[in-house]
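> So that we are looking at the same thing, I have put the structure below in structure tokens.
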Amino acid sequence: QVQLVESGGGLVQAGGSLRLSCAASGSNLIINLMGWYRQAPGKERELVATITRRGTTTYNDSLKGRFTISRDNAKNMWYLQMDSLKPADTAVYYCHLKTGGFIVESPITNYWGQGTPVTVSS
């Protein structure tokens, strides 16, 4: 019923930039929170950033402002702009969607994209 499709990953040199996109398909979506996570080789998945429909954002403090999350509610899409990339940013990046949670009749449901690899070369 709900699918998340990611794009924008790839290979980039250190210091470069990439813009990831996530598109959610499905009808009657009650979007609570949109976000991005990443998982580096041999490490656990970690939160990168989140954004609400109203535009309120949160970030992983360790990224120190290099990443920016945004959204387009009309298109059910959200984005991750990654600047000043470092080799340590190499990971599989996953978009995430949380729906519901506002009323008892619509409980929280979580959806995940398949992941898009980002490789930063030195």
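The values are calculated or read from the model by the stated rules, or taken from the named source; none is laboratory data. Keep in mind that what you see is a predicted model, and the values were worked out from it rather than measured. Note that each Cβ is placed from the backbone with ideal geometry, even for glycine, and that neighbours are counted across all protein chains shown. Ligands, DNA and RNA are excluded from the accessible area calculation, which covers all protein heavy atoms including side chains. Shrake-Rupley method; radii C 1.70, N 1.55, O 1.52, S 1.80 Å.
> What do you get for trypsin sites (Lys or Arg not before Pro) in the stretch 34-80 restricted to DSSP loop and a cutoff of at most 16 other Cβ within 10 Å of the site's Cβ?
Here the trypsin sites (Lys or Arg not before Pro) that fit, given the DSSP loop and packing criteria, are 43, 45, 53, 54, 64, 66.
> With a probe of 1.4 Å, find how much accessible area the stretch 69-122 has per residue, and write the answer as a whole number in Å².
53
> Roughly to the nearest percent, how much of the accessible area of the stretch 6-85 is carbon and sulfur, given a 1.4 Å probe? Walk me through the numbers before you get to the answer.
Values: 1970 of 4370 Å².
Within the stretch 6-85, the accessible surface is 45 percent carbon and sulfur.
> Could I ask something else about it? Over its Cα atoms, what ratio of radius of gyration to 2.2 N^0.38 Å does the stretch 77-118 give?
Details: Rg = 14.6 Å, N = 42, 2.2 N^0.38 = 9.1 Å.
Dividing the Cα radius of gyration by 2.2 N^0.38 Å gives 1.60.
> Give a residue-ordered list of calculated ³J(HN,Hα) values for the stretch 8-25 (Karplus: 6.51 cos²θ - 1.76 cosθ + 1.60, θ = phi - 60°; whole Hz; x for Gly, Pro).
x, x, x, 9, 9, 6, 4, x, x, 9, 9, 10, 8, 10, 9, 10, 9, 10
> Relative contact order, percent, of the chain when contacts are C-alpha pairs under 8 Å separated by at least 6 residues?
35
> To the nearest 20 debye, what is the magnitude of the charge dipole of the chain about its Cα centre, counting +1 on the Cβ of each Lys and Arg and -1 on the Cβ of each Asp and Glu?
Once rounded to the nearest 20, the dipole reads 160 debye.
> Here is a further query. Would you check the chain for Lys pairs whose C-alpha atoms are within less than 27 Å, ignoring same-chain pairs closer than 8 in sequence, and give me the count?
Working: 43/64; 43/86; 43/98; 64/86; 64/98; 75/98.
Taking the Cα cut-off of 27 Å, the pair count is 6.
> Over the chain, consider all pairs of different Cα atoms and compute the Kirkwood hydrodynamic radius from their mean reciprocal separation; express it in Å, one decimal. It would help to have the intermediate numbers written out before the result.
Working: mean 1/r = 0.0681 Å⁻¹.
Result for the chain stands at 14.7 Å.
> Would you kindly derive the ³J(HN,Hα) couplings of the stretch 47-63 from the backbone phi angles with the Karplus curve 6.51 cos²θ - 1.76 cosθ + 1.60 (θ = phi - 60°), listing them in order in whole Hz, with x for Gly and Pro?
Those phi angles translate into 6, 9, 6, 9, 8, 8, 4, 7, x, 6, 10, 9, 9, 5, 4, 5, 7 Hz.
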